[in-house]
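See below for the structure under consideration.
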Amino acid sequence: MSYIHSTAACVIQQNERFLMVEEQRGGPASVFNQPAGHIELGEGPIEAILREVQEETAWRVSLTGYLGLYVFHTDEGQTFHSHGFIAEPVNQLDLALDPDIVAAHWLTLEQIRLLDQQARLRSPLVLRRIEDAISGRRYPLSVIRE
């Protein structure tokens, strides 16, 4: 049985750096992603991304825009519908990070592009969402009706 994975991810920028999470995925090297995760039963994308950002980075953020819906098909035959958001950091909380997260990092675009060249980004969507955010692509949050 196949199904679509519904996820949310968030581009968070402060000055010239982006908030990224480092995850251990079972391979020899860790991978990097925006704060992201599955939308749980009973949640909408907005509630899910605010929860995921806090769990994975210990940051509270203010959503400022919607990047759109990104559709991604894996080599293993899985399909992901990923809601992309843009946010500004509000404050860091004194919370333990999700156990799957090695660390949260503020990285420059150049550092993220280097990780892409090293095949250490979780998916091609990571850099694409950042580039879309930088280019000014955004929609009002009101396009999502929860």
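Brief remarks follow.
- Selection of region 1-37 for residues being aromatic (Phe, Trp, Tyr) and either in contact with a strand residue (DSSP E or B) (Cβ under 7 Å, 6 or more places away or on another chain) or within 20 Å of Gly65 (Cα to Cα) (or both) yields Phe18, Phe32.
- Within region 123-145, residues that are under 22 Å from Gln111 (Cβ atoms) have Cβ atoms under 6 Å from residues that are at pLDDT 95 or above and surrounded by fewer than 17 Cβ atoms within 10 Å (Cβ to Cβ) in these pairs: Leu127/Asp116, counting only partners at least 6 apart in sequence or on another chain.
Yes/no matrix, rows are residues, columns are (1) among the charged types (D, E, K, R); (2) at pLDDT 95 or above; (3) part of a loop (DSSP other than H, G, I, E, B):
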residue: Glu76; (1), (2), (3): yes, no, yes
residue: Ser82; (1), (2), (3): no, yes, no
residue: Pro99; (1), (2), (3): no, no, yes
residue: Ala119; (1), (2), (3): no, no, yes
residue: Ser123; (1), (2), (3): no, no, yes
residue: Arg128; (1), (2), (3): yes, yes, no
residue: Glu131; (1), (2), (3): yes, yes, no
residue: Gly136; (1), (2), (3): no, yes, yes
residue: Ser142; (1), (2), (3): no, yes, no
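- Boolean, Ile86 is in a strand (DSSP E or B), open to solvent by less than 40 Å² (accessible area, probe 1.4 Å), on the phi < 0 side of the Ramachandran plot and of a type in the set (Val, Ile, Thr): yes
- The set of residues from region 4-38 being in contact (Cβ under 8 Å) with a residue 24 or more places away in the chain and assigned to a loop (DSSP other than H, G, I, E, B) comprises Glu16, Gln24, Arg25, Ala29, Ser30, Gln34, Pro35.
- Filtered residues of region 56-69 (kept if under 19 Å from Ala104 (Cα atoms) and either open to solvent by 50 Å² or more (accessible area, probe 1.4 Å) or touching an Asp or Glu at 6+ places or on another chain (Cβ under 7 Å) (or both)): Glu56, Arg60, Val61, Ser62
- Hey, Phe72 in contact with a helix residue (DSSP H, G or I) (Cβ under 7 Å, 6 or more places away or on another chain), open to solvent by less than 60 Å² (accessible area, probe 1.4 Å), at pLDDT 95 or above and within 15 Å of Ala9 (Cα to Cα) or not: no
The values are calculated or read from the model by the stated rules, or taken from the named source; none is laboratory data. Note that the structure is predicted; figures quoted are calculated from it, not measured. Backbone-built Cβ (ideal geometry, glycine too); neighbour counts: all protein chains shown. Keep in mind that these areas ignore ligands, DNA and RNA; they rest on the heavy atoms of the full protein, side chains included. Shrake-Rupley method; radii C 1.70, N 1.55, O 1.52, S 1.80 Å.
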